[in-house]
Amino acid sequence: MSAKILIVDDSTTDCMIINNMLNNYVTLTAYDGLEAMEIIEDNPEIDLIILDLNMPRMDGFQVLKKIKDDCKYKNIRTIILTNFDEIDNEIKGLKLGAVDYVRKPVNIDSLKLRIDIHLKLKEMQEKVEEDNKRLDSLVIKKSREFKVTRDISIQAFVRLLEVRNIESHNHTIRTKKFMKLLCEHLKTQKKYKDILTDDYINELVTTTVLHDIGKVGIPDSILLKPDRLTEDEYNLMKKHVDYGVKALKDEVHCETVIPSFINTAIEIIATHHEKYDGTGYPAGLAGELIPLSGRLMAIIDVFDALMSKRVYKPAYEYSFVIKYIKNESGKHFDPDIVKYFLEIQDKILEIFHKYAYDTIKEGDNYA
């Protein structure tokens with residue numbers, strides 16, 4: 001299919017001459033800028049415009065600006081027509097988006113050569129854009145496949161805990177929703193808004209459920225023991241952190257290609273039992289040396305554990321749990337996170353009750 005070219009010039013003679021030069025192309029003609037814009041509006045598939053700058057009603061500069069400002073015309077290329085003494089106009093036209101200029105009187109061979117070059121460039125540009133669209137589509141497809149694979153893998157891990165009655169299904173749902181709610185609230189604060197990007201929050205929420213995955217390596221006699229653990233048993237229980245980290249790291253064979261969500265998961269697993277005052281395990285990290293993911297998980301995990309009935313303990317009253325969290329500010333928990341957690345405690349409690357079957361009502365005597 002022949003390229004479509006619009007000739008815009010207030011000189012009837014010049015239009016006729018250029019039209020005759022371009023008999024191998026489909027040509028349209030306009031005698032001022034307003035008429036040109038009407039034709040362009042009706043023919044957005046125009047490939048190239050040959051545009052005079054000095055015209056009545058609407059000059060060439062105004063046409064260039066309108067084309068430049070409307071993205072639907074971004075693939076239209078424009079060659080401007082100038083006189084020999086209009087160097088300033090040439091520069092101004094090029095700055096407004098023209099791709100080339102031809103001086104009057106028009107040289108037939110020069111004009112044809114320039115048209116051929118720019119039509120080939122346009123064809124190449126459109127091919128690149130199409131290739132980029134196909135590539136973007138492929139990337140989106142692969143990203144979706146990766147996300148599905150990731151989510152299936154995570155759920156498979158979590159099912160190991162649920163099957164062994166180590167954690168309830170509702171516990172994993174609650175911790176995910178707590179994490180999202182707390183992150184979204186922290187994001188409104190200046191200190192965290194640049195850290196808690198949408199992607200990072202999504203990683204935190206997705207990998208939260210893996211925090212205790214290492215418990216699959218702990219014997220049932222310890223995990224499900226209804227009595228207080230001995231010191232030796234407790235030391236063995238603490239190894240679930242190392243087991244969880246190792247389970248993920250053993251599957252990573254090249255550090256340069258570790259997905260960021262794996263790093264986030266490892267951080268959560270490794271640091272959710274660290275305490276702000278440095279008395280936690282396994283590394284005894286203190287303050288903000290504990291990654292944000294671990295500091296967030298610590299308060300979420302303890303809140304849910306205290307509020308829930310376990311084989312080794314009853315569920316505690318909400319008032320007792322909130323008092324405990326306040327008392328542990330600066331000790332177990334980051335005081336900054338405690339502050340923002342307490343600001344949304346009503347929403348946290350609402351989520352807990354919505355997804356809990358092992359809760360007690362305020363007033364039950366479990367404290």
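Side notes on the structure shown:
- Residue by residue, the stretch 46-62 carries 3J(HN,Hα) couplings of 3, 8, 8, 10, 9, 10, 6, 8, 9, 9, x, 6, 9, 7, x, 4, 5 Hz when phi is fed to the Karplus relation 6.51 cos²θ - 1.76 cosθ + 1.60 (θ = phi - 60°); x denotes Gly or Pro.
- Taking amide H atoms as placed 1.01 Å from N in the peptide plane, the amide H of residue 281 lies under 5 Å from those of 274, 275, each 5 or more residues away in sequence or on another chain.
- Taking a straight Cα-Cα cut-off under 20 Å and skipping sequence neighbours fewer than 8 places away in the same chain, the aspartates and glutamates within cross-link reach of residue 249 are 151, 203, 212, 267, 274.
- Rounded tilt (10° steps) of 169-186 against the dominant C-alpha axis of the chain: 60
- Close amide H partners of residue 81, meaning residues 5 or more places away or on another chain with modelled amide H under 5 Å apart, are 51, 52, 53, 102.
- Where both bridge residues fall in the chain, DSSP classifies roughly 5% of the beta bridges as antiparallel.
- Each other residue within a Cβ distance under 12 Å of residue 189 adds +1 if Lys or Arg and -1 if Asp or Glu, for a net charge of +1.
- Alpha carbon centroid spacing (whole Å) that separates the stretch 93-108 from the stretch 258-280: 62
- Reach of residue 120 by Cα under 12 Å, taken over aspartates and glutamates that are not fewer than 8 positions away in the same chain: 47
- Between helix 198-207 and the chain: long-axis angle, C-alpha atoms, 0 to 90°, nearest 10: 30
- Amide H contacts of residue 25: none lie under 5 Å away among residues 5 or more positions distant or on a separate chain (H built 1.01 Å from N in the peptide plane; Pro and chain starts excluded).
- Cross-link pairs 4/95; 4/92; 142/239 - those with Cα-Cα distance over 29 Å: 142/239
- Lysines with Cα under 21 Å of residue 190, excluding same-chain neighbours fewer than 8 positions away: 180, 339
- Labels on offer are (1) 27.4; (2) 16.9; (3) 18.4, and the one holding mean projected area of the Cα convex hull in nm² computed from this structure is (1).
- Across the stretch 15-31, rounded Karplus estimates of 3J(HN,Hα) from the backbone phi angles (6.51 cos²θ - 1.76 cosθ + 1.60, θ = phi - 60°) give 4, 5, 4, 5, 4, 5, 5, 9, 5, 8, 10, 7, 10, 10, 10, 9, 10 Hz, Gly and Pro being marked x.
- Of 66/112; 238/347; 187/225, pairs whose Cα-Cα distance is over 29 Å: 238/347; 187/225
- Helix 108-163 and the longest principal axis of the Cα set of the chain meet at an angle near 10°.
- Whole-Hz Karplus values for the stretch 332-343 come out as 6, 10, 5, x, 5, 6, 4, 4, 6, 4, 5, 5 Hz, taken residue by residue from phi with 6.51 cos²θ - 1.76 cosθ + 1.60 and θ = phi - 60°; glycine and proline positions read x.
- In terms of packing, defined here as the mean over residues of other Cβ atoms within 10 angstrom, the peptides 263-270, 87-94 line up highest first as 263-270, 87-94.
Bear in mind these aren't lab numbers, they're just calculated from the coordinates by the rules spelled out. Worth saying up front: this structure is predicted, and the values here are computed from it rather than measured. Note that we place each Cβ from the backbone using ideal geometry, even for glycine, and neighbour counts take in every protein chain shown.
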